[in-house]
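A short worksheet on the structure shown next.
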Amino acid sequence: MKQSQLFTKTERFAPKDEETINARLLTRAGFVEKLMAGVYNYLPLGLISLQKIEQVVREEMNKIGGQEILMAMLHPKENWQTTGGWDKIDVLFKIKSRTEKDYALGQSEEEVVTPLIMRRARSQKDLPLYVYQIHWKFRDELRAKSGLLRGREFLMKDMYSFHADQADFDKFYEIAKEAYLKIFARLGLTAKVTEASGGSFSKKISYEFMVLTDAGEDDILYCDKCVFCVNQEIAKQKAGETCPKCKTGKLNRAKASEVGNVFDLGQKYGQDFDLGFTAKDGTKKYPVMGCYGIGISRLLGVIAEKMHDDKGLIWPEEVAPFKVHLLSLGQNEAAEKIYKDLLENNIEVLYDDRDISAGAKFADADLIGLPFRLVASEKSLKAGGLELKKRSEDKSEIVKEKEIVKRLK
């Protein structure tokens with residue numbers, strides 16, 4: 001894509017009402033625009049990155065047997081009354097139509113997915129089943145904050161699993177956990193599997209996937225020697241104490257942001273709707289259900305929080321809207337040729353062909369933060385090629401024109 005055709009522009013200063021790094025940098029770099037508190041528009045660069053996160057999640061969910069669906073965002077009141085959520089869940093957006101009927105905007109999908117699946121899974125031989133969607137969610141937050149990390153409207157992957165018994169759920173949970181850790185690793189993040197309360201979803205212990213960040217809304221305790229990690233709200237331990245798991249490490253306290261979660265829903269929702277399956281012995285039983293969430297738009301914010309420097313964003317390749325930022329300093333044929341070569345070889349490139357100063361182009365390249373910067377200038381051409389630099393590194397090198405595609409592939 002030619003940058004001269006990109007309708008968005010970078011901004012020199014961050015909006016005064018944005019306090020977090022993710023909101024300030026994503027806004028300045030032209031990835032998002034705040035519409036109101038907790039609600040953002042996603043501009044071309046931001047949407048591409050959002051879609052790339054979606055695709056990583058989709059690939060890993062498909063690998064473990066997930067079937068992708070798309071459920072309604074507008075829900076009938078009756079479904080939420082059936083489960084008790086209409087009166088118990090305070091963040092539920094409620095809407096009254098002109099005909100005086102009440103509806104809810106989905107903040108989760110148990111009320112929709114349970115009847116959807118259990119009207120079709122009538123026998124034990126139909127289980128287990130795993131379905132997921134990537135869709136927008138709504139929460140009536142009293143105070144939306146932290147940019148993309150805590151919003152009123154957000155993009156989420158939610159998967160629901162249906163099992164004949166608890167043992168089968170426990171087995172699948174381990175599979176899903178490993179898939180989650182693969183997803184976060186592909187996105188350049190290290191997530192800690194953290195014990196937490198089930199909240200309004202379940203009375204059982206749930207698991208949250210936390211990434212350490214100063215902008216996080218949770219306080220966690222984690223061991224410096226093993227994988228033990230717990231949300232401080234339900235912790236029996238205190239910072240500095242010996243780890244209860246490995247007995248050798250010490251517990252550290254840190255701020256963290258939740259990027260995913262798993263809830264053991266038990267048999268509640270099948271019982272609420274009185275939708276069960278016929279077991280092998282001919283009796284009616286209710287499914288053990290699991291809920292598995294990943295915040296897609298939240299991940300975009302978390303990555304921005306974790307991967308930046310004083311000049312701007314530093315995107316991992318899996319998430320960057322383009323792999324290469326090609327800068328043409330002065331009008332030269334070399335840049336046009338390389339641009340065409342990159343496109344023909346399916347290398348994603350943002351080509352800065354604008355008639356502005358070299359300093360402005362370098363500043364924008366650092367702010368936008370694509371993995372590689374490629375500069376075509378009179379100086380580089382005299383030196384034998386184009387200047388190639390990784391955004392995450394300080395040093396650059398001259399690469400011959402005929403070798404550029406090979407290097408970037």
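Nothing in this text is a laboratory measurement; each read-out follows from the coordinates by a stated rule. Model, not experiment: these values are computed from the prediction. Here the Cβ positions follow ideal geometry from the backbone for every residue, glycine too, while neighbour counts run over all protein chains shown.
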Report, by chain and number, residues whose modeled amide H sits under 5 Å from the one on A239, excluding near sequence neighbours (fewer than 5 apart, same chain). none
Write out the cysteines belonging to the chain for which the nearest other cysteine Cβ is not under 4.7 Å, or none if no such cysteine exists. C229, C291
³J(HN,Hα) across the range 144-152 via Karplus (A = 6.51, B = -1.76, C = 1.60, θ = phi - 60°), whole Hz, x for Gly/Pro? 5, 8, 6, x, 7, 7, 8, x, 8
I'd like the trypsin sites (Lys or Arg not before Pro) in the range 265-318 restricted to DSSP loop residues with at most 15 other Cβ atoms within 10 Å, sorted by number. K280, K311
For K284, the lysines lying under 18 Å Cα to Cα, once residues fewer than eight places off in the same chain are dropped, come out as K125, K268
Could you give the distance between the Cα centres of the range 1-58 and the range 62-106, to the whole Å? 29
Ignoring everything except DSSP H segments at least 4 long, calculate the 222 nm mean residue ellipticity for the chain; use -39,500 (n - 2.57) per segment, divide by total residues, nearest 500. -8500 deg cm²/dmol
Relative packing of 355-367, 5-17, which averages over residues the other C-beta atoms within 10 Å, highest first: 355-367, 5-17
By average Cβ neighbour count within 10 Å, what is the ranking of 171-178, 212-219, 153-160, 316-323 from highest down? 153-160, 316-323, 212-219, 171-178
So which of K94/K137; K306/K389; K96/K285; K16/K157 end up more than 24 Å apart by C-alpha? K96/K285; K16/K157
Cross-link partners among aspartates and glutamates for K340, C-alpha distance below 15 Å, same-chain residues fewer than 8 apart left out? E348, D352, D353, E401, E403
Quick one: 3J(HN,Hα) in Hz for the range 309-315, Karplus 6.51/-1.76/1.60 with θ = phi - 60°, rounded, Gly and Pro as x. 9, 6, 9, x, 7, 9, 7
Tally Lys/Arg at +1 and Asp/Glu at -1 over every other residue whose Cβ is under 12 Å from the Cβ of T242; what's the total? +3
Helix runs (DSSP H) in the chain reaching 27 Å along axis by Cα, Kyte-Doolittle at least -0.5: 44-63, 166-186
What does the extension gain come out to for E174 and M71, with contour length at 0.36 nm per residue minus their alpha carbon separation? 34.5 nm
List the residues whose amide H sits under 5 Å from the amide H of K250, counting only those 5 or more places along or on another chain, with H placed 1.01 Å from N in the peptide plane. D224, K225, C243
Net dipole in debye of the chain [+1 Lys, Arg Cβ; -1 Asp, Glu Cβ; about Cα centre; nearest 20]: 360
Tell me the trypsin sites (Lys or Arg not before Pro) within the range 93-145 that lie in a loop according to DSSP and have at most 11 other beta-carbon atoms within 10 Å. R98, K101, R119, R120, R143
